[in-house]
1. Does the stretch 10-50 hold any residues that are of a type in the set (Lys, Arg) and either touching a residue at least 60 places away in the same chain (Cβ under 8 Å) or over 22 Å from Ala67 (Cβ atoms) (or both), and which are they?
2. Only one of Arg149, Arg129 is of a type in the set (D, E, K, R) and within 20 Å of the chain's Cα centre (by Cα); which?
3. Is one or more of the residues making up the stretch 182-194 free of Cβ contacts under 8 Å to residues at least 12 places away in the same chain and assigned to a strand (DSSP E or B)?
4. Since His167 meets every condition but one in (1) assigned to a helix (DSSP H, G or I); (2) touching a Leu at 6+ places or on another chain (Cβ under 7 Å), which condition does it not meet?
5. Can we say Thr52 is in contact with a Pro (Cβ under 6 Å, 6 or more places away or on another chain) and either hydrophobic (A, V, I, L, M, F, W, C) or modelled with pLDDT of 95 or more (or both)?
6. Pairs, please: C-beta under 7 Å, at least 6 apart or cross-chain, first residue of a type in the set (Phe, Trp, Tyr) and in the stretch 217-236, second surrounded by fewer than 15 Cβ atoms within 10 Å (Cβ to Cβ) and at pLDDT below 60?
7. If I ask for residues that are touching a residue at least 24 places away in the same chain (Cβ under 8 Å), in a loop (DSSP other than H, G, I, E, B) and out of contact with any strand residue (DSSP E or B) (no Cβ under 6 Å at 6 or more places or on another chain), which ones from the stretch 108-133 would you list?
Amino acid sequence: MGDIWFCGDNHGEFAHIIAAVKRHRPSAIVLVGDVQAKNPLHIEIAEILDVTAVYWIPGNHDTDTEADYDNLFGSDLADRNLHGRVVNIEGVRIAGLGGIFREKVWLPPGEPIYNSAKDYLRVAGKGNRWRGGLPLRHRSTIFYDDYLRLSRLSADVLVTHEAPGAHPQGKEALELLAITMSATKLYHGHTHDSLPYYNQQIQLCGVGLCGITSLDGEKIIPGALDEARSDRKSFK
């Protein structure tokens, strides 16, 4: 089983990822959202495409602008999007749930307002549509049917952009999803920190801003804000 890395919100910065991959040569990396590539993703990381397999999930900022969206979803690595599916990567079944919960669609533990993108589009005016479908902003919204579809699958690891409920800003629905899928680990981004979580049922790991964490929890590169927040207490 090869080494797999999880790369925290990089917001257009790739130099640290490229340098670390060239040095350590992991088998695969997963970008956990808020990639915001300034050029198509395959161009940004062209130097390491023959070194490691690259996967990703979208973050909320990956739909801030048309360029953010197109440079990720329209890149040659578009098929490496893990959102809503499970992929066997180096013998590890990794599931992805990109984007964030939004109050106007679904904010757990409340009930969904719209179960699916189709439900939302039924009431959205034509002027609100983008390229004939969901508004750009909602291309990174978690719909209940995305969640439900994953809950019927099995995985070893769940990767989310949104934080789980153990985080002060997170949602318990993500721990529940991981447990339902029989996953033993959950990695996430979005909050830019790496807090000392404690959970008896699942190993939780926040990957800090521009940080890199391995599958076994080793910090290859600490997040940019990790030291400033290292005095936080453990959360249950």
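The values are calculated or read from the model by the stated rules, or taken from the named source; none is laboratory data. The shown structure was predicted, so the numbers you read here are calculated from the model rather than taken from an experiment. Quick reminder, even Gly has a Cβ in these numbers, built from the backbone with ideal geometry, and neighbours come from all protein chains shown.
1. Correct list: Lys22, Arg23, Arg25.
2. Exactly one residue qualifies, and that residue is Arg149.
3. No: the stretch 182-194 contains no residue that is free of Cβ contacts under 8 Å to residues at least 12 places away in the same chain and assigned to a strand (DSSP E or B).
4. In the conditions (1) assigned to a helix (DSSP H, G or I); (2) touching a Leu at 6+ places or on another chain (Cβ under 7 Å), His167 misses (1) alone.
5. Yes; evaluated as a whole, the condition is true for this residue.
6. Hits for this filter: zero, empty list.
7. Passing the criteria: Pro109, Tyr114, Asn115, Ser116.
Residues checked against (1) buried (at least 21 other Cβ atoms within 10 Å of the Cβ); (2) touching a helix residue (DSSP H, G or I) at 6+ places or on another chain (Cβ under 9 Å); (3) at pLDDT 95 or above; (4) closer than 25 Å to Arg102 by Cα:
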position: Leu177; (1), (2), (3), (4): yes, yes, yes, yes
position: Thr180; (1), (2), (3), (4): no, yes, yes, yes
position: His188; (1), (2), (3), (4): yes, yes, yes, yes
position: Asn199; (1), (2), (3), (4): no, yes, no, no
position: Gln203; (1), (2), (3), (4): no, no, yes, no
position: Ala224; (1), (2), (3), (4): no, no, no, no
position: Ser234; (1), (2), (3), (4): no, no, no, no
